[in-house]
Amino acid sequence: MAGKDNIMDKIISLCKRRGFIYQGSEIYGGLAGTWDYGPLGVAFKKNVENLWWKRFVLDREDIYPIDAAILMNQNVWKASGHVDGFSDPLVEDIKTKKRYRADHLLEASGISAKGLKLSDINSKIQELKLKSPDGNPLGEVKQFNMMLKTHIGATEDSSAISYLRPETAGGMFVNFKNVLDSFHPKLPFGLAQIGKAFRNEIAPRDFLFRVREIEQMEIEYFIDPKSWEKIFDDFTEQLVEYSKDLGLDQKKVHKLEVAPEDRAHYSKRTIDFEFDYPFGREELWGLAYRTNFDLSAHSKASKAPLEYFDEETKEKLIPHVIEPSLGVGRTMLAILTDAYREDELGGEAREYLKLSPKVAPVILAVFPLMKNRPELVKRAREIYLDLRKKIKSINPHLSGQIVYDETGSIGKRYRRQDEIGTPFCLTIDFDTIEKDGSVTIRDRDTGQQERVKPEDLEKFLEKKLN
Ligand code: ATP
């Protein structure tokens, strides 16, 4: 396990050093379960989101994007069952007062906690006399609600309670009727959104894997229940395709059919997409057929008629829902752990990220061989500015940047780009100026360089970046 922890440590350190991701509130000692994205992290995150947005929103005719408020009327979360039931089993080390997920402690001792009620988890922990990771006795297992509660306005009584939404889904259910009334879509159709959600996780862990402030990409896809199986299969396939868009090693992506006893009571089918992280195989995304539980519950509690009128059959129905739910951070973590490499190049050890050009924050770096030679710098700047203009026609789907760098030795500059996963570096050298204008393009993975003539440059990049 030490080796695996080591890899996580190296990735976390690379992310901090190179401006991808920093610990939240770091100068004050941090705040557990929060992370801040730096310049390269923002670009990387946007690429992950843009690929999702393209596949699931822009390339389809049946998905309506929305951006709902994070703060919602508390009745939304009463109706959805979150106020009463969105909880995890919590147990306390009676000496240190540190708190743990009771189900996770049970699982760490080789006993599955799936489908177990709180009282069963408690009895098993007491029977086995399980100890905390610090070796101390544990107290009684209690339910712990994971919603982050707050008060709206100047009063603090119960009518002012609100919650930071624990999932983006709620904002879509309450806008179902609005979108229906504005656009009159026919079933099946979906609402999609990317946004923040908050969970007061008992034990945040493993970098971006379990955090308290989450970014989610979710779709609520409204259907006639007659066709649920085919639509469920289509989304399963689309999620696999999305994992390929991201460049994830398909051998590490797994589909877990969740057993009926482990599913939410209203769900008729759930598939967890799992990923082989360095710390083991764990959930990446979820896909669930939620029946018409949500719209029925909101309709009943709000008294709004959340129905759909079928023009053909002249019947009303409360649509059923298929929900693909993806965490942006977990997706980024899967990509980072998959892409992290250590090797030796030209007799020197190096660390690099083997990122696909589709997600890399920088897709091409342009260098003059030396910065103290004005003729090299001038030509490098010209090529850099020209390619920045042309990159969208070379490949409109790439969101990564083209950057210019002249500081430090050329070897150091290559290493810096390797570390952040830049697939290609373009260098202007003396041959560029004195001979045929050709430049060198170096491949991140092999370190090999090719000379490319100026007239072939766009074609060359088109081939490499598509
Ligand atoms: P877990 O069992 O790991 O807590 P979950 O089944 O509760 O996850 P969902 O409620 O289905 O998760 O949330 C949908 C997606 O949101 C997850 O598949 C994951 O990608 C992401 N997600 C949920 N909770 C977290 C978290 N605390 N940190 C990071 N991502 C999360």
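The values are calculated or read from the model by the stated rules, or taken from the named source; none is laboratory data. The structure displayed is predicted, hence computed values, not measured ones. Cβ atoms come from the backbone with ideal geometry, glycine included; neighbour counts cover every protein chain shown. The accessibility values were calculated without ligands, DNA or RNA, using every heavy atom of the protein model including side chains. Shrake-Rupley method; radii C 1.70, N 1.55, O 1.52, S 1.80 Å.
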### Query
Condition test on L355, is it out of contact with any strand residue (DSSP E or B) (no Cβ under 9 Å at 6 or more places or on another chain), closer than 19 Å to C15 by Cβ and either outside the structural domain of D456 (by TED's automatic domain parsing) or within 16 Å of the ligand (Cβ to nearest atom) (or both)?
yes
### Query
Any idea how many residues of the stretch 264-296 are within 11 Å of the ligand (Cβ to nearest atom) and either open to solvent by 50 Å² or more (accessible area, probe 1.4 Å) or farther than 18 Å from A169 by Cα (or both)?
5
### Query
Within the stretch 186-206, can you find the residues that are at pLDDT 95 or above, open to solvent by 10 Å² or more (accessible area, probe 1.4 Å) and touching a helix residue (DSSP H, G or I) at 6+ places or on another chain (Cβ under 8 Å)?
P188, I194, D206
### Task
Select the strands (runs of 3 or more DSSP E) contained entirely in the stretch 243-348, then report the ones holding at least 1 residues which are of a type in the set (S, T, Y).
269-277, 280-289, 308-310, 320-327, 340-345
### Summary
Checked pairs for the stretch 196-217, first within 12 Å of V328 (Cα to Cα) and part of a loop (DSSP other than H, G, I, E, B), second more than 9 Å from the ligand (Cβ to nearest atom) and open to solvent by less than 40 Å² (accessible area, probe 1.4 Å), C-beta under 8 Å and 6 or more apart or across chains, list as L208/I21; L208/M332; F209/Y277; F209/F279; V211/T34
### Query
Out of all the residues in the stretch 403-427, which are closer than 16 Å to F460 by Cα and touching a Lys or Arg at 6+ places or on another chain (Cβ under 6 Å)?
P423, C425
### Message
So the check is Cβ under 8 Å with 6+ separation or different chains; which pairs have a first residue in the stretch 413-437 that's closer than 14 Å to V377 by Cβ and among the basic types (K, R) and a second one that's in a strand (DSSP E or B) and open to solvent by less than 10 Å² (accessible area, probe 1.4 Å)?
### Response
R413/A365; R413/F367; R413/C425
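One residue is enough: does the stretch 227-237 have a residue meeting the conditions touching a residue at least 60 places away in the same chain (Cβ under 8 Å), part of a loop (DSSP other than H, G, I, E, B) and surrounded by fewer than 19 Cβ atoms within 10 Å (Cβ to Cβ)? Explain how you work it out, then say what you get.
Residues of the stretch 227-237 that are touching a residue at least 60 places away in the same chain (Cβ under 8 Å), as a first pass: 228, 231-232, 235.
Adding the requirement that they be part of a loop (DSSP other than H, G, I, E, B) leaves none.
Checked against the condition, which is being touching a residue at least 60 places away in the same chain (Cβ under 8 Å), part of a loop (DSSP other than H, G, I, E, B) and surrounded by fewer than 19 Cβ atoms within 10 Å (Cβ to Cβ), the stretch 227-237 yields no hits at all.
Quick check on I121: is it under 26 Å from R263 (Cα atoms), out of contact with any Ser or Thr (no Cβ under 8 Å at 6 or more places or on another chain) and part of a helix (DSSP H, G or I)?
Judged against the criteria, I121 is a match.
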### Message
Checking the condition open to solvent by less than 70 Å² (accessible area, probe 1.4 Å) and not in a helix (DSSP H, G or I), which residue from L51, L116, L31 passes?
### Response
L116
### Message
List pairs: first residue in the stretch 37-60 and basic (K, R), second residue in a helix (DSSP H, G or I) anywhere in the structure, Cβ distance under 6 angstrom, at least six positions apart or on different chains.
### Response
R55/Y242
### Message
Would you confirm, using the coordinates I've provided, whether Y308 is assigned by TED's automatic domain parsing to the domain that holds L187, of a type outside the set (D, E, K, R), crowded, with 17+ Cβ neighbours inside 10 Å and away from the ligand (no atom under 13 Å from the Cβ)?
### Response
yes
### Message
Here's a check for you: in the stretch 325-341, which residue that is open to solvent by 20 Å² or more (accessible area, probe 1.4 Å) and near the ligand (Cβ under 8 Å from one of its atoms) is nearest to F209 (Cα to Cα)?
### Response
R330
### Task
For residues that are closer than 30 Å to E49 by Cα and in contact with a helix residue (DSSP H, G or I) (Cβ under 6 Å, 6 or more places away or on another chain), tally how many sit in the stretch 363-390.
3
### Query
Do you know which of the residues in the stretch 146-182 that are more than 16 Å from the ligand (Cβ to nearest atom) and of a type in the set (V, I, T) is least open to solvent (accessible area, probe 1.4 Å)?
V179
### Task
Could you tell me whether K251 is away from the ligand (no atom under 13 Å from the Cβ) and more than 20 Å from the chain's Cα centre (by Cα)?
no
